[in-house]
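The values are calculated or read from the model by the stated rules, or taken from the named source; none is laboratory data. Keep in mind it's a predicted model, so treat the numbers as computed, not measured. Note: ideal-geometry Cβ built from the backbone for every residue, glycine included; neighbour counts use all protein chains shown. Ligands, DNA and RNA are excluded from the accessible area calculation, which covers all protein heavy atoms including side chains. Shrake-Rupley method; radii C 1.70, N 1.55, O 1.52, S 1.80 Å.
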Amino acid sequence: MARLTEDNVRLAKEIIGRYPKPRSATIPLLHLAQEQDGFITNDAMAHIGELVGATSAEVYGTASFYEMFKFEPVGKYLINICGTMSCALMGGEELMHHAEDRLGIKMGGTTADGLITLERAECQAACTEAPCLQVNYRYRFRVTSENFDTLVDQLQSGALSDEIPPHGTMARVRQHIPADKGVGAKAPEDVSEGPAWLNGKAAL
Amino acid sequence: MAERKGRAVSSTSNPGGTWPHAPGFYTGDRPKIVTSRFEFEDSYTLERYLATGGYSGLRAALSQPAADVHEEVKNATVLGRGGAGFPAGNKWGLTPQGVWPRYLVVNGDESEPGTYKDRLLMERDPHQLIEGCLIACYAAGLSQCFLYIRGEMAVAQERVAAALNEAYAAGYVGKNILGSQFSVDIVLHWGAGAYVVGEETALIESLEGNRGMPRLKPPYFPAAIGLYGQPTIVNNVETLANLPWLMNNGATAYTAIGTPTSPGTRMVAVSGHVKRPGVYEIINGTTTFRDLLYGEDFCQGIRNNNELKAFVPGGGSAPWFTPDQLDLPFEASQVGPAGSMLGSGAIMVMDSTTDIPRAALTLTRFYAHESCGKCTPCREGGTWLERILSRVVDGKGTDADLDQLLEVGESICPGAFPHASNEKLGLTAVPVPYRMNTICFVGPSAYAPVHSALTLFRSEFEARVTKRNLIPVTAVGQ
């Protein structure tokens, strides 16, 4: 089960096909595995290794470097509260304390019902809308304590399940290159000449 | 309870505002190069893009030889908007002759504290970015493009993916673009959360499926040896977003805006204690920090009409400025000698209520956390800085800690570290650049806020620490 499903293997092969070298697909495939299971399992990493031509240790080596990959289950909703300067100047740390009190957990913890995991995050690129947070990487801006409580109520009641997919799901729109439109990736060693359009003439 | 929670960074917290809140982008009566479509609700669709002149820059580019397009970009002096400010046209020219294939890697891993402009450009005008990528590929002979978007930006990824799908279907990307012999694929790539990947060689490592650690230099530019060891151009999202306008209007019109050394416009985000924090497209080279912080068209002054204490002029890595530097323009040749940098166009403003040591800690903690661990001075030094500063902030430090902070900093960046001049303190500016013992700028960036805060506001630290207890070595048996 924790290996990639048949559908996901098909998707994985499509993704791998876009790169001149299969290993470049490692991070996108790790996202795919996390989308499937909610976190990254050992089996999934072994499977990804088979698909891109790496050992499972190499895949783990890559995966463990990146903040977004989780190696044990997290809540259905991962709330990241920003703690870097712009947010801190506008009350980000107070918001974190409030969140801990409201949910009865500490940063890094998960609520007993498995619904919400709370994390302290670094700058989320919404600095003018401080303090900000993300729920499964979807933004909430200028969050007050009351806003936070409303958010938690909504998450608990399921009111946001349309807007915010469960943890692991990244973009709900995927790139798809139609076979007849794409150029296709070639390994760099198979290319020896410059592109045709560099012939000194206008292309159109 | 209150004690556990510690002191706030500044006296009042959130001023409120509606929620959820649309990110504050403000237009004004100024030339717009990259944000012209932001006013439209559907700015991210192909339909709107085509209705507002979309892909005509590409058509203009393809109607001339690639070398001429490259020349036009060089003539326009399009400065890189990622932080270093290196002219894009010159960067493209650094690829070695006769080595194929060459790649374009788009740096959309925006995560410098205080910075956001690339996210808005990707979310609100993804086709403009795609068109910019195509023009760059055509001009520099790059045969495949990888668009690396920061993992945490789910909406940006959805918008760019949808835009790419539209563009492929309509024949703007892929095989025989617009019916010409120009063919290039653009591949959307997801990041997964690592600040250091914004460094261009780390970005390439990450794109190859590895841990995102910067490569040892030289070579200094991936233009020589980059992705898969091939010549690779790494350009920032905003840099590329300038190209469609440039192709439509020409280098002369581009350089007519701003100054000769800083032409065009640039996007800046002003956050922190101003009345109207927001993202603004400003005229490069002439707009001053005072215009930006106090101008009616911009931030309209400091909140509650408080006094300005300090501001970070160019992203979390930049040494700080105080009101003494307000009249400096957005011009690297003036900001550099004044002791800081324009970086990624992010200004973080601190008013008089700000707890400076605590504010510095939020930045230093960021860089310590984001160190990839490759270079010892950054891996160890960053953590040391964070720990020492933490105990100073918590009131558990001694005066020896303040010297220790500078000593650790010296081991990351030997010699004089840049800082601004200050009339009251009798300081003269130390210009950038600094020397560094690390491969990339993460280590020095951990030190920059500590050094600025200690240099400009030492008394606030001294008020926090106790005098060191000297224990006499002869005190045996007491």
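Annotations for the structure displayed:
- Against the test of being of a type in the set (D, E), farther than 18 Å from B:E460 by Cβ and buried (at least 18 other Cβ atoms within 10 Å of the Cβ), the options B:E370, B:E407 yield a single qualifying residue, B:E370.
- Residues in the range B:41-55 that are touching a residue at least 12 places away in the same chain (Cβ under 8 Å) and out of contact with any Leu (no Cβ under 9 Å at 6 or more places or on another chain): B:S43, B:Y44, B:T45, B:L46, B:Y49, B:T52, B:G53.
- Of all residues in the range B:154-189, those satisfying the criterion of being more than 7 Å from chain A (Cβ to nearest Cβ) and in contact (Cβ under 8 Å) with a residue 60 or more places away in the chain are B:R159, B:A163, B:E166, B:A167, B:A170, B:Y172, B:I177.
- Flag if B:L308 is open to solvent by 10 Å² or more (accessible area, probe 1.4 Å), at pLDDT 95 or above, touching a helix residue (DSSP H, G or I) at 6+ places or on another chain (Cβ under 9 Å) and not charged (D, E, K, R): yes
- Which listed residue, of A:L89, A:L29, A:L95, is of a type in the set (A, V, I, L, M, F, W, C) and outside the structural domain of A:A121 (by TED's automatic domain parsing): A:L29
- On the stretch given as the range A:16-32, residues that are open to solvent by less than 20 Å² (accessible area, probe 1.4 Å) and either part of a helix (DSSP H, G or I) or among the aliphatic types (A, V, I, L, M) (or both) total 9.
- The set of residues from the range B:263-282 being over 15 Å from A:L89 (Cα atoms) and either of a type in the set (S, T, Y) or more than 17 Å from the chain's Cα centre (by Cα) (or both) comprises B:P263, B:G264, B:T265, B:Y280.
- Entirely in the range B:202-303, the helices (runs of 4 or more DSSP H) that have 2 or more residues that are closer than 20 Å to B:G24 by Cβ and modelled with pLDDT of 95 or more: B:237-241, B:289-294
- None of B:E112, B:E123, B:E152 is touching a Cys at 6+ places or on another chain (Cβ under 8 Å), within 30 Å of B:V274 (Cα to Cα) and of a type in the set (D, E) except B:E112.
- Any chance B:A192 is more than 9 Å from every other protein chain (Cβ to nearest Cβ), open to solvent by less than 30 Å² (accessible area, probe 1.4 Å) and of a type in the set (G, A, S): no
- Scan of the range B:54-68 for residues that are at the interface with chain A (Cβ under 8 Å from one of its Cβ atoms) and either within 14 Å of B:V173 (Cα to Cα) or assigned to a helix (DSSP H, G or I) (or both), ordered by number: B:R59, B:L62, B:A66, B:A67
- Test: residue in the range B:282-304 that is under 21 Å from B:L243 (Cβ atoms) and either within 14 Å of chain A (Cβ to nearest Cβ) or touching a helix residue (DSSP H, G or I) at 6+ places or on another chain (Cβ under 8 Å) (or both): yes
- Pick from the range B:323-356, criterion assigned to a helix (DSSP H, G or I) and polar (S, T, N, Q), ranking: surrounded by the most Cβ atoms within 10 Å (Cβ to Cβ): B:Q325
- Scanning the range A:108-129 for any residue that is open to solvent by 20 Å² or more (accessible area, probe 1.4 Å) and among the hydrophobic types (A, V, I, L, M, F, W, C) turns up at least one such residue.
- The residues on offer are A:Q134, A:Q175, A:Q156, and the sole one that is within 23 Å of the chain's Cα centre (by Cα), farther than 21 Å from A:Q34 by Cα and modelled with pLDDT of 95 or more is A:Q156.
- Within the range A:157-204, the set of residues being charged (D, E, K, R), within 7 Å of chain B (Cβ to nearest Cβ) and out of contact with any strand residue (DSSP E or B) (no Cβ under 8 Å at 6 or more places or on another chain) comprises A:R172, A:R174, A:E193.
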